[in-house]
Amino acid sequence: MALGAIWAQSADGVIGRDGRLPWSVPEGLARFSRLTAGSVVVMGRATWESLPDAYRPLPGRENVVLSRRGLDAPGATVVPDLASALAVVGDRPAWVVGGAQVYEALLDRVVRVEVTDVDVVVGAGVRAPDLAVGWRLLAQDPPDGGWHTSRTGVRYRFRTLERDAARGAE
């Protein structure tokens with residue numbers, strides 16, 4: 001199984017607040033769509049519920065939703081635990097798409113992370129996993145580590161990280 005993770009985070013490491021992204025970077029959403037298209041996406045119940053109705057289930061992807069208490073999620077496969085989610089994924093490419101508990105629970109199995117850095121400070125909110133140890137930068141856009149400016153006026157950049165070969169996927 002080739003398991004990746006993808007998220008956007010603020011300068012202070014926030015990935016969401018009050019069940020939504022506290023910024024608007026359409027270019028980041030377009031990249032998310034492009035990278036995850038045709039793959040399995042694994043998410044928690046709160047992430048599923050945060051998706052707009054028009055994008056639930058995420059189109060062009062097999063949606064797997066983790067929920068300990070069950071969930072009516074038309075168009076998605078609902079599973080009670082990580083083992084069940086991984087069984088659904090099997091040996092197919094898959095992306096972990098949120099939320100924080102699902103990222104943390106599966107990060108040891110992830111080999112690649114795609115991050116959209118958003119140049120805003122949010123303060124309180126749900127935090128991204130810490131990638132300071134065990135990961136190396138594979139690519140960034142812009143290549144010099146600078147910033148793009150979204151059509152919404154928000155600055156952003158993309159980073160691709162891979163598990164440090166010395167550590168390996170556990």
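Read-outs: derived from the displayed coordinates by stated rules, not from any lab. This is a predicted model, so every value here is computed, not measured. Note: ideal-geometry Cβ built from the backbone for every residue, glycine included; neighbour counts use all protein chains shown.
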**Study point:** For segment 58-102, the spread of Cα positions along each principal axis, largest first, Å
**Key:** 27, 22, 20
Point to revise | Cα gyration tensor category, rounded, prolate or oblate, for the chain with a/c compared to 1.5 | key: oblate
Review point. On full extension of the chain, what length is gained from His148 through Leu35, given 0.36 nm per residue of separation minus the C-alpha to C-alpha distance?
Key: 38.8 nm
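Say a site is exposed when it is one of the trypsin sites (Lys or Arg not before Pro), sits in a DSSP loop, and has at most 14 other Cβ atoms within 10 Å; what is then the longest site-free stretch of the chain? Don't skip to the answer; put the middle values down first.
Working: sites that count: Arg68, Arg69, Arg151, Arg167.
Excluding the exposed sites themselves, the longest stretch runs over 70-150.
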Study note, to complete from the structure: Share (percent) of C-alpha pair distances in segment 118-159 greater than 12 Å works out to 70
Study note, to complete from the structure: Expressed in nanometres to one decimal, the distance between label points 7 Å along Cα→Cβ at Ala105 and Ala87 is 1.4
Review point. If Lys and Arg each add +1 and Asp and Glu each add -1, what is the summed charge of the other residues whose beta carbon sits under 11 Å from the beta carbon of Ala2?
Key: +2
Exercise for review: For Ala124 and Leu51, calculate 0.36 nm times their separation in residues minus their Cα-Cα distance, and state this gained length in nm to one decimal.
Suggested key: 24.2 nm
Revision key, fill the gap. Dividing the mean separation of Cα pairs under 8 Å (6+ apart) by the residue count of the chain yields a relative contact order in percent of 32
Exercise for review: Can you work out the PRE-style zone for Asp141? Point 7 Å along Cα to Cβ, and I want the residues of segment 68-94 with backbone N under 13 Å.
Suggested key: none
Review point. Toward the positive end of the charge dipole of segment 28-170, about the Cα centre and with charges on Cβ (Lys, Arg +1; Asp, Glu -1), which of Leu107, Trp95, Leu51 goes farthest?
Key: Leu51
Practice item. Just flag the GluC sites (Glu not before Pro) in segment 26-88 sitting in loop per DSSP whose Cβ has no more than 12 other Cβ atoms within 10 Å. Key: none
